[in-house]
Amino acid sequence: MKKLKNIIKKFVPKKILLIYHLALAYFATVYYGFPSKKMIVIGVTGTKGKTSTINFIWSCLNSGGYKTGIISTANIRIGEKEFLNKYHMTMPGRFTIQKLMAQMVKEGCKCCIVETTSEGIKQHRHVGVYYDIAVFTNLSPEHLQSHDGSFEKYKQMKGKMFESLFSCQKIINGKKIEKTIIVNNDDNHNGYFSEFKADKKLSFGINNKADIMATDIKETERGVEFNVVESQFSIEILGKFNVYNVLPAIAIARMLGVNDEDMKKGLSGLEIIPGRMEKINEGQSFTVLVDYAHEKESMTYVLQTANNMRSGDAKIIIMIGAEGGGRDKAKRPIMGELSAKMADYVVVSNVDPYEDDPKQILEDIAISSEKFGKVREKDLFVIEDRREGIRKALSLASGNDIVLITGKGAEQTIIIDGKVLPWDDRKVVREELLKRVKD
């Protein structure tokens, strides 16, 4: 089936394929009875932090009495029920999205949050998803290969979600739903996303003046504490950068009438976002974190968090890799450089090579790490097999060291030589930790 799809993509003009995708989206929407018209739909777009932002919004709304569903890269929720995203796509196929939203309506969800990507918009997977609130997190070069290598086209594609806000005006329980835009005021591209038409516009940030601002940010052993005006909030997820992901949740919850106390309960009760700074503990002395980080900004934040956490002579060990399949090749040397500079040991291993030569991908990263001081078989290891790579990274750790397993997070498959194979970094890490304890 995969090979057949590749043949179709190769020989059928892109315009024809996109028309086909659009027709499917309309048909799926009609088939499932326009489910998104029956809920408040929140779209979250940007380069990084989308999945975490969505889960924080869910925690605030669900705790505040709004039964909420989500569709994200890592997980799918319908109220309290949660299952992992098995589709290897942030935005699943059009029929899957509509089916999930129909299920949310059936089970009484008042809100639905959809992680919306530029690739998904390009393939019309957002058609029939009638947004009411559009959230912009941040923007940096990523997935440019899907947009003719143009950052401007990448940005404009994300803008289509904001542009579509007024495609459907909703009245739910006799109340008109206001079309709202929420943007990160600390991002250089906030102006572009703020210019779209909306009934209400809100901003959030840490450094620049915004409607929702975080102050007195403090990293703790368990997560992060911060203030928003007179209220103190805390999250159980590591990383100061996650404050940016919480602020839109606070903005939306307050707008929908959720009080701060309910929000605090929701946020403090969210202890795990699958594959997002997820701590894996099988009784070992050192810390192991699994994270989806796979580009410059997210990798920087993860490594900064690890460096802030470390004490004494603790080492930082990181496993990194990059995707094949025509994905952004320019990020490979950047990741090699960052890891060399900010970690003590670097293990380079497969992520999703697709049909590409895995060795070439790994070498693109490893050579860069060498340029910035790392030495092969001393503090730099190139191991193609991902399980072997994880095993090596764990074997280097002891005491209070910190091991970062990056690149896949909670993804449920790995794609090698065009074959989709079952995979879960968190499960493999647990298995390898247990083997180590037994040995």
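The values are calculated or read from the model by the stated rules, or taken from the named source; none is laboratory data. The model shown is predicted, which means the values in this text are computed figures rather than measured ones. Because the Cβ atoms are built from the backbone with ideal geometry, glycine has one as well, and the counts that use them run over all protein chains shown.
For the range 176-215, filtered to residues that are charged (D, E, K, R), surrounded by fewer than 19 Cβ atoms within 10 Å (Cβ to Cβ) and touching an Asp or Glu at 6+ places or on another chain (Cβ under 8 Å), the residue that is nearest to residue 38 (Cα to Cα) is 178.
Look at residue 254 and say whether it is on the phi < 0 side of the Ramachandran plot and either crowded, with 23+ Cβ neighbours inside 10 Å or not in a helix (DSSP H, G or I) (or both).
Working: on the phi < 0 side of the Ramachandran plot: yes; either crowded, with 23+ Cβ neighbours inside 10 Å or not in a helix (DSSP H, G or I) (or both): no.
Judged against the criteria, residue 254 is not a match.
Scanning the range 72-100 for residues that are touching a Leu at 6+ places or on another chain (Cβ under 6 Å) and surrounded by 24 or more Cβ atoms within 10 Å (Cβ to Cβ) gives a single hit, 94. Residues considered: 356, 344, 328. Of these, the only one that is within 18 Å of residue 372 (Cα to Cα), of a type in the set (D, E, K, R) and surrounded by fewer than 24 Cβ atoms within 10 Å (Cβ to Cβ) is 344. Taken together, the criteria place residue 317 among residues that are among the aliphatic types (A, V, I, L, M), assigned to a strand (DSSP E or B) and either more than 20 Å from residue 275 (Cα to Cα) or touching a strand residue (DSSP E or B) at 6+ places or on another chain (Cβ under 9 Å) (or both).
Residues in the range 55-95 that are assigned to a strand (DSSP E or B), over 14 Å from the mean Cα position of the chain (by Cα) and not β-branched (Val, Ile, Thr): 69, 77, 81, 82, 83.
Filtered by the rule that a residue be at pLDDT 95 or above, farther than 15 Å from residue 42 by Cβ, charged (D, E, K, R) and in contact with a strand residue (DSSP E or B) (Cβ under 8 Å, 6 or more places away or on another chain), the range 75-132 gives 82, 107.
Please find, within the range 371-383, the residue that is surrounded by the fewest Cβ atoms within 10 Å (Cβ to Cβ) out of those that are of a type in the set (D, E, K, R) and touching a residue at least 24 places away in the same chain (Cβ under 8 Å). Quick ask: steps written out before the conclusion?
Our first condition is that a residue be of a type in the set (D, E, K, R); within the range 371-383, this holds for 371, 374, 376-379.
Checking the rest, the ones that are also touching a residue at least 24 places away in the same chain (Cβ under 8 Å) come to 371, 374, 379.
Working: 371: 12, 374: 23, 379: 18.
Looking at residues that are of a type in the set (D, E, K, R) and touching a residue at least 24 places away in the same chain (Cβ under 8 Å), I get 371.
One residue alone among 261, 221, 282 is surrounded by fewer than 16 Cβ atoms within 10 Å (Cβ to Cβ) and over 30 Å from residue 400 (Cα atoms), and that residue is 261. From the list 67, 48, 38, the one residue that fits, being in the same structural domain as residue 258 (by TED's automatic domain parsing), crowded, with 20+ Cβ neighbours inside 10 Å and basic (Lys, Arg), is 48.
If I filter the range 384-418 down to residues being under 17 Å from residue 356 (Cβ atoms) and free of Cβ contacts under 8 Å to residues at least 40 places away in the same chain, which single residue comes out as surrounded by the most Cβ atoms within 10 Å (Cβ to Cβ)? Result: 384.
Taking residues in the range 283-305 that are in a strand (DSSP E or B), and partners anywhere that are buried (at least 19 other Cβ atoms within 10 Å of the Cβ) and among the hydroxyl-bearing types (Ser, Thr, Tyr), the pairs with Cβ atoms closer than 6 Å and at least 6 places apart or on different chains are 291/406.
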